[in-house]
Amino acid sequence: MSITHDPTSGTPDRTLVSRRRLLGAGAAGAGAVALGACADDGPNLPAEGEIVSVRTPSVPRRDPASPLWDDAPPTVVVLEGQITAPPYRREPVVADISVRSLHDRDDVALLVEWDDPRPDAATVANDGFRDACAVLLGDPAAGEELRFMGTQQHPVTLLQWKADWQHDVEHGVRTIDDEYPDRSVDAYPPIVTDDPLGITPADYVTADATPWLPGLHVGNLLSAPTRTRCVEKMIAYGFGTTTTTDTQDADGWGRHDGGRWAVVVTKPLAAHDAGELHLRPRGSATCAFAVWSGADGDAGGRKSVSTRTYRLVLREAHGPSPFPS
Amino acid sequence: MAEVWNWQLNRTMQYHYDEVRPRRQAAAVFDTNKCIGCQTCTMACKTTWTSGHGQEYMLWNNVETKPWGSYPLAWDVKALQLLGPQHWDGDTYTGDTIFEAAPEDKRALGYAPSDIEFAYPNRGEDEVNVSITREKYHLKMPHDMWFFYLPRVCNHCTYPACLESCSRQSIYKRPEDGVVLVDQDRCRGYRVCYEACPYKKIFYNHTTKVAEKCVFCYPALEQGIQPRCMRSCIGKIRSFGYVSTPDEARDDNPIDFLVHVRKVALPLYPQFGLEPNVYYIPPIHVDSDPFLTMLFGPGARRAIDTYVAAMEGDDRELLAALLLAVSSDRIMTRFSVDDDMVSGYTDDGERAVHMPIRVPNVERSPFDPDLNVYRLNTT
Ligand code: SF4
Ligand code: SF4
């Protein structure tokens with residue numbers, strides 16, 4: 001498969017990704033040293049438990065390799081298994097992730113990077129599962145409950161990037177045609193055609209035949225016949241309540257290179273749906289993270305999750321970068 | 001974990017949710033002795049519900065040949081193997097259910113079949129229980145070679161493993177009739193239900209990427225009409241209606257009568273613990289009691305004896321109840337027997353059928369004087 005760089009946003013740069021990994025490792029230590037010394041307008045070093053979102057003129061929404069990310073200090077987030085609600089994942093597949101954040105006047109963006117030797121972006125077969133990552137955002141007063149999908153008082157805004165959705169954006173929605181192109185089919189009623197194997201989900205929409213694709217008929221985003229975004233925005237008020245929002249304005253892009261995913265996830269600062277987190281410049285949020293490994297059969301509760309919540313701090317002033325290019 | 005009553009096991013068992021029974025439970029009885037394996041039910045369901053893109057491999061209704069047939073491949077053998085040897089003590093199940101035997105990280109013990117396991121829906125079709133040799137063979141009674149057809153749909157279980165395993169609560173059991181459905185909007189394609197259902201009757205749509213399953217033709221049920229696969233049954237092996245718990249069983253409810261009163265209809269693999277609501281009259285010519293007990297529980301031999309006695313003319317009421325099977329498109333929830341006639345009534349009390357329990361033997365003269373023709377036997 002090919003998960004490629006978004007062609008609209010510059011040339012991919014492998015060296016940047018690997019350089020950031022090195023810096024990320026160092027910054028974890030630097031962050032610990034800088035504990036408490038991180039005033040609002042001070043250097044952009046994260047304090048313990050902090051992720052500093054650096055102000056930038058325009059966030060690279062679909063460019064995980066943008067040099068702009070060098071301005072954002074990385075925070076290493078340790079992951080653990082999920083053992084709160086079955087199905088569990090006892091041991092994490094991914095030990096840790098690196099997180100950076102940038103924001104501009106309108107959007108906040110997070111760059112999540114983790115090791116994954118094999119990209120998995122096919123969810124057609126019964127045993128096909130995707131790689132994915134999610135950023136969970138809640139109001140600053142939210143505590144550890146954020147990691148458990150929030151509560152009525154502190155709902156969670158979930159931004160989930162999905163490798164298969166990105167594949168859909170790049171190459172068209174993947175269906176049974178991709179897995180079993182040589183299958184035998186007489187007809188796909190009620191569509192009348194001499195070439196049933198040429199039928200796509202979009203044809204059901206044109207033919208006003210969506211009841212034959214029930215997920216599509218009821219508007220489930222997983223069943224969309226075409227796709228332009230690979231990040232889904234959802235709201236949750238506790239376990240099992242995750243619901244896709246009416247407004248889908250989250251965005252992002254992933255890049256798999258050298259056995260590592262680098263994924264940008266963005267959302268507008270302003271909330272557009274009930275329960276959604278509204279962020280302000282100089283404001284902050286509570287956040288947590290999750291990563292799914294398709295090769296390991298991860299889906300739903302089978303995921304690696306951050307061991308704690310973090311404070312995402314939006315720095316208005318652009319302090320001196322500790323990582324000059 | 002809650003402690004719930006499973007009457008099919010004659011004991012309480014562990015389940016994730018409390019015991020909440022629907023106002024009434026949709027159920028069916030399949031007479032395996034009458035099934036001819038024609039697959040008309042399979043096609044009726046296929047053309048009604050699963051002819052869409054991504055549903056190619058799905059057979060919400062399938063008919064497999066036992067002992068060797070299975071769809072998906074070896075589904076029951078695998079489920080039984082996972083569970084390991086278990087025991088009944090009389091009518092009480094002393095083994096573990098798939099909920100009680102669940103590994104720590106899951107709610108139910110199960111496995112997820114791969115695509116290839118669905119690729120041979122007719123594997124083992126018409127294969128007999130023993131290998132045929134070159135030695136001389138003569139027919140004996142009871143047969144020492146046998147096979148039978150096992151038609152299967154979702155069991156709309158009282159304790160569905162699919163529902164229990166779904167962390168998103170995308171699967172629900174309707175309070176009005178106990179039909180188990182997948183909310184197509186909430187499902188996110190995690191496929192834990194697919195792994196949990198031991199009957200492998202919940203499927204993943206390759207194109208819409210969400211789970212789908214038999215809906216018991218609920219739009220028909222809501223109009224008092226029997227499901228598609230039942231209505232199309234050529235062998236008239238299927239009775240559809242509503243089953244009560246044993247303590248509330250009514251003698252005049254055809255399903256209760258077959259399941260609770262005469263006890264000729266038994267659940268499939270009750271030991272899994274789901275309290276499935278499709279009941280089977282076991283095949284009378286299978287001479288292996290252990291095999292029958294494995295499939296239908298400890299009541300199998302008793303059910304066969306009762307059934308055979310009725311066929312020999314000892315039980316008019318049982319014959320009458322069996323005769324109702326798909327004798328009308330309408331769902332009959334009450335029946336009565338007068339003299340040699342059986343009547344089936346709908347929920348509204350309307351008589352849907354009125355027919356003789358035994359078809360009278362009529363001898364006709366070879367000449368029809370009204371039409372002035374000879375009646376010719378063309379066969
Ligand atoms: S048979 Fe399987 S799919 Fe049907 S209700 Fe029971 S557990 Fe669910
Ligand atoms: S009851 Fe309806 S949906 Fe279920 S198997 Fe029969 S025809 Fe298919």
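The values are calculated or read from the model by the stated rules, or taken from the named source; none is laboratory data. Note that the coordinates shown come from a computational prediction; the quantities given were computed from them, not determined experimentally. Positions of Cβ are backbone-derived with ideal geometry, glycine not excepted, and every protein chain shown enters the neighbour counts. For accessibility, only protein heavy atoms count, side chains too; no ligands or nucleic acids. Shrake-Rupley method; radii C 1.70, N 1.55, O 1.52, S 1.80 Å.
Just the number please: accessible area per residue for segment B:247-298, 1.4 Å probe, all protein chains included, in Å².
For segment B:247-298, the per-residue accessible area is 29 Å².
Subtracting the Cα-Cα distance of residue B:222 and residue B:371 from their residue separation scaled by 0.36 nm leaves 49.0 nm. With kT/(6 pi eta Rh) evaluated at 37 °C and eta = 0.692 mPa s, and Rh the Kirkwood radius from Cα pairs, segment A:225-325 diffuses with a coefficient of 200 µm²/s according to Stokes-Einstein. The coefficient of translational diffusion for segment A:67-209, derived via Stokes-Einstein from the alpha carbon Kirkwood radius under 4 °C and 1.567 mPa s, stands at 68 µm²/s.
Counting Cβ atoms of other protein chains within 10 Å of each residue's Cβ and taking the mean over peptide A:175-181 gives 4. Note on segment B:144-298: Rg/Rh from C-alpha atoms, Kirkwood Rh, equals 0.98.
The residues of segment B:35-82 listed by number as losing at least 50 Å² of accessible area in the complex, against the isolated chain and with a 1.4 Å probe, are B:51, B:53, B:56.
At an R0 of 30 angstrom, the distance between the Cβ atoms of residue A:182 and residue B:77 translates into a FRET efficiency of 0.50. On a per residue basis, the convex hull of the C-alpha atoms belonging to the protein assembly as shown measures out at 206 Å³. Between residue B:314 and residue A:84, the FRET efficiency from the beta-carbon distance, with R0 = 56 Å, is close to 0.45.
Chains B and A together bury some 3300 Å² of accessible area, summed over both sides, with a 1.4 Å probe. Legend: calculated FRET efficiency, residue B:43 to residue A:153, from the Cβ-Cβ distance at R0 = 45 Å, rounded to 0.05, equals 0.25.
Taking all protein chains as present, what is the carbon and sulfur share of the accessible area of chain B, in % to the nearest whole number, probe 1.4 Å?
The computed percentage sits at 52.
The ellipsoid equivalent to the alpha-carbon distribution of segment B:270-379 has semi-axes of 37, 21, 13 angstrom, derived from the gyration tensor eigenvalues as √(5λ) and listed largest first. Set against the 2.2 N^0.38 Å expectation for a compact globular protein, segment A:264-314 has a Cα radius of gyration ratio of 1.42.
Per residue of B:362-368, other chain Cβ atoms within 10 Å of the residue Cβ number 0 on average. The mean sequence distance of close C-alpha pairs (under 8 Å, at least 6 residues apart), as a share of the length of chain B, puts its relative contact order at 20 percent.
For the protein assembly as shown, a simple Cβ point-charge model (Lys and Arg +1, Asp and Glu -1, everything else neutral) yields a dipole of about 560 debye relative to the Cα centre. In segment A:217-240, burial by the other protein chains removes 30 Å² or more of accessible area from A:218, A:220, A:222, A:223, A:240, compared with the chain on its own (1.4 Å probe, ligands and nucleic acids ignored). For a test of the definition: using alpha carbon positions, the gyration tensor, and the 1.5 limit on a/c, classify segment B:54-133 as rounded, prolate or oblate. Oblate, because a/c is 1.5 or more while a/b does not exceed b/c. So if I take the alpha carbon set of segment B:1-113, get Rg, then get Rh from the Kirkwood formula, what is the Rg over Rh ratio? Ratio value, two decimals: 1.01. The three principal axes of the C-alpha atoms in segment A:146-228 carry coordinate ranges of 55, 24, 20 Å, sorted with the longest axis first.
Figure legend: label point modelled 7 angstrom from the Cα of residue B:127 along Cα→Cβ; residues of segment B:56-81 with amide N under 11 Å from it are B:65-70, B:74.
With a simple spin-label model that places each label point 7 Å from the Cα along the Cα-to-Cβ direction, the separation between residue A:91 and residue B:1 comes to 2.5 nm.
Mean per-residue shielding of peptide A:117-123 is 1, counting Cβ atoms of other chains within 10 Å of each Cβ.
May I have the convex hull volume per residue, in Å³, for the Cα set of segment B:167-238?
123 Å³
So which of A:162/B:173; B:46/B:201; B:78/B:201 end up more than 25 Å apart by C-alpha? Among A:162/B:173; B:46/B:201; B:78/B:201, the Cα-Cα distance tops 25 Å for A:162/B:173.
Calculated mean residue ellipticity at 222 nm for the protein assembly as shown: -4000 deg cm²/dmol, from DSSP H runs with n ≥ 4 weighted as -39500 (n - 2.57), summed, divided by the residue count and rounded to 500.
For segment B:78-175, with equal point scatterers placed on the C-alpha atoms only and solvent neglected, what are the log10 I(q)/I(0) values from the Debye formula at q = 0.11, 0.17 1/Å, to two decimals? One equal scatterer on each Cα of segment B:78-175 leads to -0.60, -1.11.
Anisotropy class assigned to segment B:2-290 is rounded, per the alpha carbon gyration tensor with a/c under the 1.5 cut-off.
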